[in-house]
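Down below is the structure, laid out as structure tokens.
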Ligand SMILES: N[C@@H](CCC(=O)N[C@@H](CS)C(=O)NCC(=O)O)C(=O)O
């Protein structure tokens, strides 16, 4: 399997950490988002959505979405279970992961993609250019203020976001936490339990993948 990756970007990092936690070795091919390699004809033949991560299976099938990649890797190598060990756990992990996606990743992407001069006309990923809307950057920042307090409440006194077991939701939230630094957002001082969670997750060897 080949993972089309970009070492500096948050989304493929989620897939790298997920695979590393499972001990799955993936061949990595770097796609340089900085020079627009993801918009080249050759990469569009691999992933017409022009995004990374994209996982190429040995039969040539391309899986170009983080959750689908995680779900595939979980199916071919169930242990350690990162998307739950039963139907209830799986549903709760997927539910929280979606929330992290929408309220964390999407809010940060709204800020960054609608304000960074580097992303002029690239307000959305994909093959089509869209102009930046500064009001969306403002809205992204406003809604991101609710993200870390939401996670702090979710965490409570648990070791991981959904209890005793490290899961896909911890990976996604960890990557959002580091991505937030790009737009000068960080875990608020009064979210003490989340600060401690972050230190615990960062210390995991797979999180430096
Ligand atoms: N939902 C997708 C999003 C992937 C995504 O947005 N990747 C970014 C890198 S973090 C990308 O490829 N950006 C290309 C661009 O900026 O045009 C996933 O998580 O798989």
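Any read-out appearing in this document is the output of simple, stated calculations on the displayed coordinates, not a laboratory observation. Remember, it's a predicted structure, so these values are computed and weren't measured experimentally. Reconstructed Cβ throughout: ideal geometry from the backbone, glycine too, with neighbour counts over all protein chains shown.
The table below lists the values:
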item: Nearest-0.05 FRET efficiency for residue 45 and residue 130, computed from C-beta distance (R0 22 Å); result: 0.45
item: DSSP beta bridges in the chain [antiparallel fraction, %, rounded to 5]; result: 55 percent
item: Whole-number percent relative contact order across the chain, with pairs defined as alpha carbons under 8 Å at least 6 apart; result: 21 percent
item: Most mobile of 24, 100, 69 in a GNM of the chain (Cα contacts under 10 Å); result: 24
item: Length-normalised contact order of the stretch 87-208 in % [C-alpha pairs under 8 Å, at least 6 apart]; result: 25 percent
item: R0 of 30 Å, Cβ-Cβ distance residue 192-residue 142: FRET efficiency to nearest 0.05; result: 0.80
item: Value at 222 nm in deg cm²/dmol, rounded to 500, when DSSP H runs of n ≥ 4 in the chain each add -39,500 (n - 2.57); result: -13500 deg cm²/dmol
item: Projected label distance in nm at residue 71 and residue 182, using a 7 Å step from Cα toward the beta-carbon; result: 2.5 nm
item: Euclidean distance of C-alpha centroids, the stretch 158-201 and the stretch 1-77, integer Å; result: 23 Å
item: Gain on full stretching of the segment that runs from residue 8 to residue 85 - 0.36 nm per residue minus C-alpha separation; result: 24.5 nm
item: Descending semi-axes in whole angstrom, ellipsoid equivalent of the chain, from the Cα gyration tensor; result: 26, 24, 13
item: Directionally averaged shadow of the stretch 87-208, computed from the convex hull of its alpha-carbon atoms, nm²; result: 8.5 nm²
item: For the stretch 1-102, convex hull volume per residue from C-alpha positions, Å³; result: 100 Å³
item: Difference of contour (0.36 nm per residue) and Cα-Cα distance, residue 157 to residue 118; result: 10.0 nm
